[in-house]
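Structure record follows, encoded as structure tokens.
The values are calculated or read from the model by the stated rules, or taken from the named source; none is laboratory data. Computed from a predicted structure; not experimentally measured. Glycine also receives a Cβ, built like all others from the backbone with ideal geometry; neighbour counts cover every protein chain displayed. Ligands, DNA and RNA are excluded from the accessible area calculation, which covers all protein heavy atoms including side chains. Shrake-Rupley method; radii C 1.70, N 1.55, O 1.52, S 1.80 Å.
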Amino acid sequence: KTKYSKLIFRKSDTVPEELHQMVQEAFLTLRKHDCFFQDLVRIKGKDFLTPVSRILIGNPGCTYKYLNTRLFTVPWPTEGYDIKYCSPEIHDACKALIRLNDYLHIEAVKALQGQNLFETKGIKDVTVMDREQNFVTSFMEKGSISKDQSSCCVPEDDYTSLKNRTSYNLTLLNYMDPLQMLYLKQEPYFGMGNMAVSWHHDENLVERSTVAVYSYSCEGSDMEESNKQNLKGRDPAVWHVGLKVAWDIETPGLAIPLHQGDFYLMLDDLNMTHQHCVLAGFSPRFSSTHRVAECSRGTLEYILGQCELALQNLQTGPDSMALSLKSLETEVVKQVEEIHNEVEFEWLRQFWFQGKRYLKFTDWWLKPMAKLEGFWRKMEIMVSIIL
């Protein structure tokens with residue numbers, strides 16, 4: 001209660017059975033279609049393959065960068081976008097995950113309201129708590145609140161803050177079968193046992209946004225907690241999430257068992273003030289980790305806008321159709337070259353060294369990548385003109 005109050009844990013029986021069924025079928029479908037991949041990441045200048053296999057699913061055109069690797073979302077079904085999936089099963093799996101996303105969004109709103117973890121500009125208004133249910137109901141029904149409604153719930157600024165910090169734009173799905181791993185690191189500080197994922201903060205998130213994690217371990221009867229009386233510490237057969245206060249090994253760490261269909265929320269600034277790890281059990285496990293990615297520089301819309309900005313300096317002669325530059329001023333040339341590098345190294349290379357994986361789901365990214373490559377070629381011409 002004192003050190004981990006912003007961690008909210010919910011057992012599987014609090015989640016609608018229909019949602020469990022949809023999501024767990026989605027995990028198994030994606031596994032059946034070989035849709036989970038180890039990522040090549042860079043840590044302290046060295047390249048590693050992650051022990052956990054992953055795929056990113058979320059808003060069309062979004063990306064998420066961690067450990068110097070940019071992942072591109074497999075788009076979930078979104079109104080206004082024409083997304084053709086490779087099979088109806090893949091479509092249904094992505095649809096199930098957006099359903100889970102919506103559910104966890106509402107749970108995060110309720111949890112933040114319950115802990116009063118939003119800015120209230122110094123106003124301690126009892127009606128905020130009294131009318132919490134109205135607020136959540138409005139959120140669920142409409143996804144937004146009108147001005148006259150908001151006055152009876154939370155101030156409008158706080159409503160916006162609450163929405164921004166809980167509106168997950170993507171989920172990073174994880175899969176690991178620990179019995180297939182030859183070696184897993186031991187947790188070094190508290191003797192918690194095998195780690196599937198070492199101590200870390202989640203990167204690249206909107207400040208003070210909630211992270212929601214739904215866990216599905218493929219437990220059989222033999223995987224139930226066993227010989228409890230003979231065990232010291234955690235049951236090694238069961239998956240756990242571990243938490244510790246960042247840069248502090250004096251405060252006791254926390255290890256929470258995760259069974260089929262349990263989920264937890266890391267509220268407010270918990271991801272910044274604490275580190276977490278994942279402790280491996282014996283059975284294979286899936287998880288869906290929902291995030292509010294900070295992608296102001298990580299969306300397709302953003303990079304296309306940057307390209308158009310750079311190409312404003314390219315002009316075609318009225319007679320000869322020869323290409324030339326409008327300006328050779330240092331600042332203009334520098335800006336164009338920064339965008340040129342960004343397109344090549346943050347987008348084209350990042351996509352294509354792993355890009356074939358996305359074709360298992362959809363060809364949605366191919367046209368945007370072709371468009372970006374066309375822009376890149378024009379910027380190559382601009383370089384040659386400068387030289």
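What to note about this one:
- Taking amide H positions as modeled 1.01 Å from N, with prolines and chain starts lacking one, the residues under 5 Å from Phe37 and 5 or more places away or on another chain are Arg54, Ile55.
- For region 300-386: rounded, prolate or oblate by the Cα gyration tensor [a/c cutoff 1.5]: prolate
- Whole-number percent relative contact order across the chain, with pairs defined as alpha carbons under 8 Å at least 6 apart: 21
- Set Lys185/Lys356; Lys95/Lys163; Lys110/Lys185; Lys84/Lys163; Lys95/Lys244 screened for pairs whose C-alpha atoms are more than 28 Å apart: Lys185/Lys356; Lys110/Lys185; Lys84/Lys163; Lys95/Lys244
- Accessible surface of Asp82 - all protein chains present, 1.4 Å probe, nearest 10 Å²: 110
- Principal-axis tilt of helix 330-341 within the chain, Cα atoms, nearest 10 degrees: 50
- Exposure rank, largest accessible area first [Trp199, Trp347; 1.4 Å]: Trp199, Trp347
- Where the chain is the region considered: accessible area per residue in Å², 1.4 Å probe: 50
- In degrees, nearest ten, helix 300-311 long axis to first principal axis of the chain (Cα): 20
- Heavy-atom accessible surface of Glu380, to the nearest 10 Å², is about 80 Å², with a 1.4 Å probe and all protein chains retained.
- Exposure rank, largest accessible area first [Met192, Met272; 1.4 Å]: Met272, Met192
- Dmax and Rg, reported as Rg then Dmax, of region 1-105 (C-alpha, Å): 16.4, 49
- Principal semi-axes of the equivalent ellipsoid, √(5λ) from the alpha carbon gyration tensor of the chain, are 40, 27, 21 Å from largest down.
- Within the shell of other residues whose beta carbon sits under 15 angstrom from the beta carbon of Lys95, the net charge comes to -4, with Lys and Arg scored +1 and Asp and Glu -1.
- Region 306-387: relative contact order as a whole-number percent, Cα under 8 Å and 6+ apart: 38
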